[in-house]
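Heads up, the thing below is written out as structure tokens.
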């Protein structure tokens with residue numbers, strides 16, 4: 001028999017014995033450990049292992065047992081927790097493997113703990129029932145303030161059925177409950193499985209104590225990351241607040257890849273009153289005396305207001321249901337009335353520009369190009385080469401324009417002018433009134449052009465603007 005350090009009084013160790021091994025004949029004791037062996041007179045290689053005088057099996061090499069004892073003797077944490085306890089008789093082992101496993105089982109240190117049982121199954125272990133109760137209290141308080149819980153308890157105790165209506169922006173708990181049955185049980189478990197109260201709360205909430213992180217690499221996109229980790233894009237976005245599909249990812253950025261799988265949910269039912277805005281409608285009235293493209297506000301719009309009460313159900317802080325209980329109009333909205341002109345003057349544009357070609361694509365945008373400013377956009381490869389007026393107006397220039405080649409400039413009589421360059425031929429003349437969409441020339445490659453295309457510019461009150469901001 002040997003004795004080791006005493007442990008805390010709150011622990012109950014289930015190590016059932018200390019070890020003493022003997023052989024049937026002469027005893028050879030190892031003073032540095034609790035194991036003893038004896039060789040038979042015939043120097044047999046088969047060793048009988050005894051535990052407190054009880055035979056538990058054979059081994060071919062006594063170093064197998066010595067190794068197990070040495071491993072445990074080197075475990076400081078283990079040795080500090082063992083105390084003198086009574087032994088238990090183990091069943092006889094048939095093979096060396098069974099003998100070794102029996103010895104290892106002897107060293108399976110366990111301690112009494114309080115198991116948090118969910119629907120009858122142990123999920124987490126804490127030191128004692130007081131801690132277990134604290135865990136559940138902390139879990140609920142993650143989602144409901146303590147003062148609101150106290151108010152709910154007092155209200156239910158008074159059985160007050162005449163509950164007053166909520167005032168503006170007030171809220172009130174209706175019920176707080178757990179999604180599954182919870183109980184506590186005194187269980188024996190390995191000390192390493194025992195959690196602190198904080199760890200147990202996290203474990204019950206998320207299903208794990210460790211969150212997986214992914215470090216963004218060059219060329220990463222969320223869709224590929226989700227696919228590679230067998231996750232849904234929505235799950236990644238849900239566990240990474242502030243992240244969105246179109247948000248730029250930074251190399252080295254860490255994102256959470258752990259989707260919580262809670263063991264239990266805190267269900268909160270509550271009433272919430274809010275003052276909400278009622279949007280106003282916009283009514284448009286056409287006026288044939290007002291020029292097309294012109295608008296004026298006849299009546300300013302004004303938002304209304306209402307008081308509304310919702311019944312809301314939340315699971316672990318996430319709203320899963322929201323029903324309107326009642327609503328009261330506090331102020332009716334006032335609709336906006338806008339007068340829209342429909343009068344068309346053939347020589348005057350309405351301020352919106354139609355695409356000036358029959359199809360085609362933008363081969364070059366406005367901006368710096370080849371060391372200088374490209375003033376407009378280039379449109380190439382249309383269905384046919386007809387060039388059209390972008391809006392109603394008067395032709396103020398039609399002819400050769402140097403680097404522009406054959407060009408046309410239209411004044412739309414409303415502050416806007418458009419320029420069309422590199423045409424092979426012109427179909428209009430200076431002073432001619434043109435309507436939106438009418439043919440004014442044929443696309444070409446005259447002037448400083450490297451291929452057939454239309455160069456198109458837009459000016460507003462004499463200043464160059466980006467055509468892409470005005471084309472419809």
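Where a number appears in this text, it was derived from the coordinates with a stated rule and is not lab data. Please read these numbers as outputs of a predicted model, since none were measured by experiment. Virtual Cβ from ideal backbone geometry, glycine too; neighbours counted across all protein chains shown.
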(request) Would you mind ranking 163, 278 so that the residue whose beta carbon has the fewest other beta carbons within 10 Å leads the list? (result) 163, 278
(request) Could you list 379, 337 in order of exposure, starting from the residue whose Cβ has the fewest other Cβ atoms within 10 Å? (result) 337, 379
(message) Give the separation of the Cα centroids, the stretch 390-469 to the stretch 283-321, in Å.
(response) 42
(message) What does the C-alpha gyration tensor say about the overall shape of the stretch 231-324? Classify as rounded when a/c is under 1.5, otherwise prolate if a/b is larger than b/c, or oblate.
(response) oblate
(message) Going by average Cβ density within 10 Å per residue, which order do the peptides 117-124, 404-411 take, highest to lowest?
(response) 404-411, 117-124
(message) Taking every alpha carbon pair in the stretch 357-469, what does the distance histogram look like in 10 angstrom bins from 0, in percent?
(response) 16, 51, 32, 2
(message) Sorting check: for 313-319, 381-387, 391-397, 365-371, which peptide has the highest mean count of neighbouring beta carbons within 10 Å, and how do the rest follow?
(response) 391-397, 381-387, 313-319, 365-371
(request) Output the peptides 299-307, 415-423, 349-357 sorted from most to least packed, where packing is the average of other Cβ atoms within 10 Å over each peptide's residues. (result) 415-423, 349-357, 299-307
(message) I need the calculated FRET efficiency for the pair residue 400 and residue 295, taking r as the beta carbon distance and R₀ as 56 Å, to the nearest 0.05.
(response) 0.90
